[in-house]
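Trainee: Dumping the structure here so I can ask a few things about it.
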Amino acid sequence: MALTLRSSISFINQKEIKVLKTSDDAPASVSFAKIKPSIRLRAKSSMQEAHHTHEEGFNSEVMRKEKWEKVHAPSVAHGNNDSKRVPVYVMLPLDTVTMGGSLNKPRAMNASLMALKSAGVEGVMVDVWWGLVEKDGPLNYNWEAYAELVQMVQMHGLKLQVVMSFHQCGGNVGDSCSIPLPPWVLEEISKNPDLVYTDRSGRRNPEYISLGCDSVPVLRGRTPLQVYADFMRSFRDRFRDYLGSVIVEIQVGMGPCGELRYPSYPEANGTWRFPGIGEFQCYDKYMKASLAAAADAIGKKEWGGGGPHDSGQYNQFPEDTGFFRREGTWNSEYGQFFLEWYSGKLLEHGEKILLSAKGIFKTSGVKLSGKIAGIHWHYKARSHAAELTAGYNNTRNSDGYLPIAKMLAKHGVVFNFTCMEMKDREQPGHANCSPEGLVHQVKMATTTAGAELAGENALERYDSDAYAQVLSTSRSDCHSGLTAFTYLRMNKRLFEGENWRHLVEFVRSMSEGGRRQRLPDSDSHRSDLYVGHIKGTQKKLTQEVALV
């Protein structure tokens, strides 16, 4: 299936047009129609002057790309406001690397990266799946497909954010493919089902290893924390030459979907549906032992038998339960004990993994980040039930995000938060949502803690309203803006018509610190050409990017 970008590139040197030659069977070409040569756009981009260091084997290709970029790159004049610039990254598809360990559709990827570079994005983000890299056995790593991607990203002068994805792909919002944990790990789970999170009814969740066994040698003689550290250390050694230059950020996965949380709202098999409150995930034997020890330590042994008995089921509402209702037991002495233990274990888990990552990457020049889930439903309820079951002790009486922000700030880790594109008025009334209130709270927490804040959109959005909301959130007034934004996600729809124009406008506005809500329709020469794109009413030229 071919994907067509509408483009107004009228001054390309035809001798530089080449078919992108790769081993893929599908054609990938960039073609331009002839138009009147009188229309010119004079724009000098600061990105054109950026110096990219490449391996010697890429020099000739890089020179060709640089010529291309001088024509295509948008004008991003930072002036004295470069400190307010918010770089934009784009997430690559979840299946960028195949189950067979090869780069998926390399010709399409090459053409897509070329297009993203033309839009002025800073770089891309990719999940590095534990289930693919260490699939063939403990300490047996296959990085080759990711090495090919890193070199391709470098060739296009882009940067790369890498996610250490220690979770499975599949069973959550937006999951378009299935990538389970490594087979040898699943084999250990089959022998000992308590290795994964478990709810009150005994339902096991294979998305992520339970934090309860973080320090127990349950994975063929290694603890989960040791396994994660060995994986990151192998990555560092394999990509040492690219760290800090091409690979600029390592996002450390700390739970399901790579987020620091419990899998309290699993969509797999219809277990949970929005806007259910979810369920506590503390019933594997390791978590139960920890809870019992915590209760015994304060002389309340009776509190250590399990989670709250009256916390309801996945798809109930707060007022349906004794624990989460307005005057529920969440606010009792027992409730506070349990919630502090439950959220405390999650924070401790995150800090242990990040300390390990910090030691591994400390001299590499990369930033570390951690992702926190944007659980905005039932935010207006006193108990914030959906946040509590996910492990964030955020209620009317306590700030659940400040301790996380302080922990991340202590280790110099970026606080990455989602749902930046959402507005309260877009949400169903019965769900008691407030994504805007939640984002505001997180911005205040990171400001207080001195943590850097980066953002993502939670759902695929292509409309100008969603972009405008991100722009509003990104403003750096009072030092609470975004340090970066990662757009979810690259696919064929992103490159279509108005969707592509909206992205280009958004990137330009973010380069100005989010101060401009919308770009003008024409350049300084009134030519209707703007950052390489034209209005839909004008005669369109086509730039073919083959995405099969």
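The values are calculated or read from the model by the stated rules, or taken from the named source; none is laboratory data. Note that the coordinates shown come from a computational prediction; the quantities given were computed from them, not determined experimentally. Because the Cβ atoms are built from the backbone with ideal geometry, glycine has one as well, and the counts that use them run over all protein chains shown. These area figures cover heavy atoms from the full protein model, side chains too; ligands, DNA and RNA do not enter into them. Shrake-Rupley method; radii C 1.70, N 1.55, O 1.52, S 1.80 Å.
Trainee: Would you be able to tell me the number of residues in the range 381-398 that are touching a residue at least 40 places away in the same chain (Cβ under 8 Å), in a helix (DSSP H, G or I) and closer than 19 Å to Lys443 by Cβ?
Mentor: 0
Trainee: Right, next: Taking the range 110-136, which residues are open to solvent by less than 10 Å² (accessible area, probe 1.4 Å) and free of Cβ contacts under 8 Å to residues at least 60 places away in the same chain?
Mentor: Matches in the range 110-136: Leu113, Val126, Trp129, Gly131.
Trainee: Mind listing whichever residues of the range 59-117 are more than 30 Å from Pro182 (Cβ to Cβ), at pLDDT 80 or above and in a helix (DSSP H, G or I)? Talk me through it step by step, then tell me what you get.
Mentor: First, the residues of the range 59-117 that are more than 30 Å from Pro182 (Cβ to Cβ): 59-88, 111, 114-117.
Those still in the list that are at pLDDT 80 or above too: 84-88, 111, 114-117.
Listed by number, the residues that qualify are Lys84, Ala111, Met114, Ala115, Leu116, Lys117.
Trainee: I would also like to ask the following. I'm trying to understand the selection: among the residues of the range 148-172, which are touching a Lys or Arg at 6+ places or on another chain (Cβ under 7 Å) and either modelled with pLDDT under 95 or at negative phi (or both)? It would help to see each step written out before you state the result.
Mentor: As a first pass, look at the range 148-172 and keep what is touching a Lys or Arg at 6+ places or on another chain (Cβ under 7 Å): 155-158.
Passing the criteria: Met155, His156, Leu158.
The rows are residues; the columns are (1) at pLDDT 95 or above; (2) within 26 Å of Ala119 (Cβ to Cβ).
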position: Met407; (1), (2): yes, no
position: Val414; (1), (2): yes, yes
position: Cys419; (1), (2): yes, yes
position: His440; (1), (2): yes, no
position: Lys443; (1), (2): yes, no
position: Arg501; (1), (2): yes, yes
position: Glu512; (1), (2): no, yes
position: Arg516; (1), (2): no, yes
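Trainee: Which of the residues spanning the range 427-445 are more than 27 Å from Val414 (Cβ to Cβ) and surrounded by fewer than 17 Cβ atoms within 10 Å (Cβ to Cβ)?
Mentor: Residues satisfying the conditions are Pro428, Gly429, His430.
Trainee: Looking at (1) surrounded by fewer than 21 Cβ atoms within 10 Å (Cβ to Cβ); (2) in contact (Cβ under 8 Å) with a residue 24 or more places away in the chain; (3) part of a loop (DSSP other than H, G, I, E, B); (4) not polar (S, T, N, Q), can you tell me which one His378 breaks?
Mentor: For His378, the exception is condition (1).
Trainee: Arg273 is checked against (1) touching a residue at least 60 places away in the same chain (Cβ under 8 Å); (2) under 27 Å from the mean Cα position of the chain (by Cα); (3) open to solvent by 10 Å² or more (accessible area, probe 1.4 Å); (4) under 21 Å from Gly202 (Cα atoms) and fails just one. What number does that condition carry?
Mentor: All conditions are met except number (1).
Trainee: Could you please let me know if Lys367 is at negative phi, surrounded by fewer than 23 Cβ atoms within 10 Å (Cβ to Cβ) and touching a strand residue (DSSP E or B) at 6+ places or on another chain (Cβ under 9 Å)? Step through it out loud before you land on a result.
Mentor: Details: at negative phi: yes; surrounded by fewer than 23 Cβ atoms within 10 Å (Cβ to Cβ): yes; touching a strand residue (DSSP E or B) at 6+ places or on another chain (Cβ under 9 Å): yes.
Yes: the conditions hold for Lys367.
Trainee: Condition first: farther than 19 Å from Met99 by Cβ and open to solvent by less than 10 Å² (accessible area, probe 1.4 Å). Now tell me which residues in the range 137-153 satisfy that.
Mentor: Of everything in the range 137-153, those that are farther than 19 Å from Met99 by Cβ and open to solvent by less than 10 Å² (accessible area, probe 1.4 Å) turn out to be Val150, Val153.
Trainee: Do we have Asp521 as open to solvent by 30 Å² or more (accessible area, probe 1.4 Å), modelled with pLDDT under 95, touching a Phe, Trp or Tyr at 6+ places or on another chain (Cβ under 9 Å) and among the charged types (D, E, K, R) here?
Mentor: yes
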